[in-house]
Amino acid sequence: MGSLPFVGRDAALTELAAAVTAGEHVLLRGPPGIGKSRLVEETLRVARSTGLSDAGRHVDRLLASASTSGRALSTLAPLLPTGAAGGDLAAVLATLSRRWRQLARAGEAPLVWLDDAHHADAMSAVVLRYATSPGDVQLLATRRDTDPLPDDVEALLREGTLRVVDVGPLRDGDVVRIATAAAGRPLDTDRAARVVDLAGGNPLFARELALAAAGVGEPWGGLDDLVGHQVAALPPHQRRVLELVAAAEPTPAALLAGDEESVADWSVAAGRPPPPTVALEAARLDALRPPEQP
């Protein structure tokens, strides 16, 4: 959403910029698509352009993922030497603490921007908790408000180490501004009102609804219709992959690639009868079919 106007966040931007400048650890909380990551981007941009901080700043951005949350140190892997992920926890903590202290001595205050903290693996959460306690690094994290946090990130909240900033819905006028920019032209009154009604103040929803309104040219019923339209427009092989991942994430790569033997093995492990091996399509349908009730 970086190309869309950044609107309706003046108060949150001021609060977050002041917290970052003061060296506080902050957790942005809100629903998916509400603009948490965009708010972080704008905060860091403002801090750089206005000189809010006396020192320079080095930002390590980490993207936690549901697909790797079960792998030790997967969240911190981009910062670790080859082979270190999955290694000794104390050694990893020492390595990263040394890295961040060296940056601080060089005049670059280290900040970890952790996107989707609710997906961080447990060992990475331990490292970040212990690194923030002595002030080796500043933590700026985002989190979906409906998903639980790893224990050690939750502990930072209980201990009062993390300051929570809630990112709420946009006002109607700001939703219209985003929708207008996304569509590339003004929307008529009825369509603008429909976008406002369906988006619920969510800028990502506003963008997608506006694109649908500008491109489809027909009225739509809601987000279900919008998603259905976009999925229907995908090529068949992409649609099959999307359905499998939606039904059974994490999904083995061999299953997505069409390895029929692996499809059968996966189906048995999932407690379903082995699917026919004559076609991947039959296997896919069997994998997606709910188990029969006794």
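Data for the structure
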| quantity | calculated |
| --- | --- |
| Test: Ala90 is assigned to a helix (DSSP H, G or I) and either without any contact (Cβ under 8 Å) to a residue 12 or more places away in the chain or buried (at least 17 other Cβ atoms within 10 Å of the Cβ) (or both) | yes |
| Number of the condition not met by Ala109 [criteria: (1) closer than 21 Å to Ala22 by Cβ; (2) without any contact (Cβ under 8 Å) to a residue 12 or more places away in the chain] | (2) |
| From the options Ala131, Ala117, residue that is assigned by TED's automatic domain parsing to the domain that holds Leu28, touching a Ser or Thr at 6+ places or on another chain (Cβ under 8 Å), at pLDDT 95 or above and closer than 29 Å to Ala19 by Cα | Ala117 |
| Residues of segment 149-191 satisfying the condition of being more than 27 Å from Glu208 (Cβ to Cβ) and in contact (Cβ under 8 Å) with a residue 12 or more places away in the chain | Leu149, Pro150, Asp151, Asp152, Val153, Ala155, Leu156, Leu157, Thr161, Leu162, Arg163, Val164 |
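The values are calculated or read from the model by the stated rules, or taken from the named source; none is laboratory data. These figures come from a predicted structure and were not determined experimentally. Here Cβ is always computed from backbone atoms with ideal geometry, including for glycine, and neighbour counts include all displayed protein chains.
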